[in-house]
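Everything on this sheet refers to the single structure shown next.
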Amino acid sequence: MYGEGIKTDDEDERINRSYQRGVLEKARQKMDGQSYYYQQMNENEQLAYRIICDGLHRHQSAIRVLLYPGMKSVSDIYYKVLYDHPVFFYVNQYNVSHSHQNCELTLYPEYLYSGNEAKTMIAEMHNTVDKVLYKALEYREDPFKMEMFLHNSVVKSVAYDYESLKIKNYHRAHSIVGAFLDKKAVCEGIAKAFKLLCDSVGLPCIVVVGYADNKGEFTENTLHAWNLVKVCGQWYHVDPTWDVMDLTGSDGVHKERHFKFDYFNLTTADISVDHRPKDMIPSCTAHKDNYFCRTGKYAEDYEDMLRIIDQQIDSDRIRIRIDCQKRAAGLKGLKQKYLLSGDPKKLILDALQEVQRNRKLFYRYSYYFNERLGTMNLYKM
């Protein structure tokens with residue numbers, strides 16, 4: 001660990017440390033609820049964090065960080081700065097040199113754009129972001145609706161950039177540049193874009209880095225990024241990247257892009273079926289503002305399923321969720337043959353047929369069923 005075995009400060013070191021603390025006091029005052037990872041650090045780590053923030057903001061070619069006992073890896077602090085501040089899109093990795101005699105480390109950030117280029121790109125992104133924020137403020141009286149609007153603005157406008165690793169400028173896809181300018185990004189860029197929007201309207205938001213896999217295989221090959229959002233005093237998991245899907249269209253050939261809310265405001269227990277964070281993050285236990293609970297699409301029994309489907313049958317899509325844990329225990333009112341077969345997807349489709357039969361309707365649907373969460377999204381063909 002950095003700082004182990006550090007000798008007592010001499011006069012020069014005390015002057016340097018005092019100078020750094022004084023210069024960065026204003027930066028400390030600016031660290032608020034938007035800087036979650038900063039708040040989890042001890043005093044010395046926070047000092048290093050502010051030094052790095054100040055250096056990146058100034059586009060400094062070399063950032064000197066003094067090492068103190070009890071500090072985490074400076075590398076960890078550096079990347080936490082980037083997760084807390086998506087606006088540092090213009091920097092990538094860094095080189096480093098050590099001075100063991102002075103107990104300091106110098107970072108040499110890899111800037112992707114010059115200061116002027118970054119300012120120009122920020123101005124271009126403002127054109128997109130400001131329009132979204134202007135509309136979002138129409139929902140300022142209801143944080144849930146505001147969050148849902150921001151979620152929809154991201155999943156509808158940003159495509160997943162599958163080709164990003166094959167081209168020279170792949171780093172764009174990992175930042176807000178990909179999301180707001182290129183309209184395509186990978187999970188990290190999407191999560192950072194969502195955080196920036198939430199921060200801008202006062203919704204506390206965290207970029208979570210970890211692993212995600214629909215088969216539960218959490219390895220370095222399944223690295224992923226998503227978000228935590230605080231709504232009405234409660235934390236929830238949100239994964240905008242996984243709330244987009246491609247389904248075969250009515251012609252049976254071309255894919256149609258759809259968005260969903262399967263990963264909108266989940267508890268820790270819910271998200272754990274296919275996501276694992278790397279870092280300690282707030283526990284999420286509330287259900288109130290989960291999309292399906294808040295909008296009345298959460299079925300606890302078969303009669304609920306019929307009602308929920310009937311309410312949506314005239315729209316272009318139907319969304320519904322069955323609680324997986326309750327389903328495993330046996331939902332009251334569910335048909336016994338489906339409890340025995342363990343086929344909730346067939347159960348939902350059976351309820352859909354029953355509603356259509358009662359209403360004398362004959363719609364055809366394409367659908368996506370998430371067996372881990374018990375959610376189904378149906379789209380008219």
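The values are calculated or read from the model by the stated rules, or taken from the named source; none is laboratory data. The structure displayed is predicted, hence computed values, not measured ones. Note that we place each Cβ from the backbone using ideal geometry, even for glycine, and neighbour counts take in every protein chain shown.
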### Message
So if I check each of 172, 140, which one is at pLDDT below 95, over 30 Å from residue 48 (Cα atoms) and of a type in the set (D, E, K, R)?
### Response
140
### Task
Go through the residues of the stretch 129-140 one by one and say whether even a single one is touching an Asp or Glu at 6+ places or on another chain (Cβ under 7 Å) and in contact (Cβ under 8 Å) with a residue 12 or more places away in the chain.
no
### Those helices (runs of 4 or more DSSP H) lying entirely in the stretch 89-206 with at least 1 residues closer than 26 Å to residue 294 by Cβ, of a type in the set (Lys, Arg) and touching a strand residue (DSSP E or B) at 6+ places or on another chain (Cβ under 8 Å)
143-157, 187-200
### Query
Exactly one of (1) of a type outside the set (Ser, Thr, Tyr); (2) closer than 17 Å to residue 266 by Cα; (3) out of contact with any Asp or Glu (no Cβ under 8 Å at 6 or more places or on another chain) is unmet by residue 205. Its number?
(3)
### Query
Can you name the number of the only condition in (1) under 18 Å from residue 284 (Cα atoms); (2) surrounded by 18 or more Cβ atoms within 10 Å (Cβ to Cβ); (3) modelled with pLDDT of 95 or more that residue 212 fails?
(3)
### Message
Here is a check on your reading of the model: is residue 128 among the β-branched types (Val, Ile, Thr) and more than 22 Å from the chain's Cα centre (by Cα)?
### Response
no
### Query
Based on what the data block shows, is residue 147 of a type in the set (D, E, K, R) and over 30 Å from residue 232 (Cβ atoms)?
no
### Query
Are there any pairs, at least 6 apart or on different chains, whose C-beta atoms fall under 8 Å, with the first in the stretch 342-358 and surrounded by 16 or more Cβ atoms within 10 Å (Cβ to Cβ) and at pLDDT 95 or above and the second among the β-branched types (Val, Ile, Thr) and assigned to a helix (DSSP H, G or I), and if so, which?
352/309; 355/309
### Query
If you scan the stretch 50-70, which residues turn out to be of a type in the set (Ser, Thr, Tyr) and closer than 15 Å to residue 94 by Cβ?
61
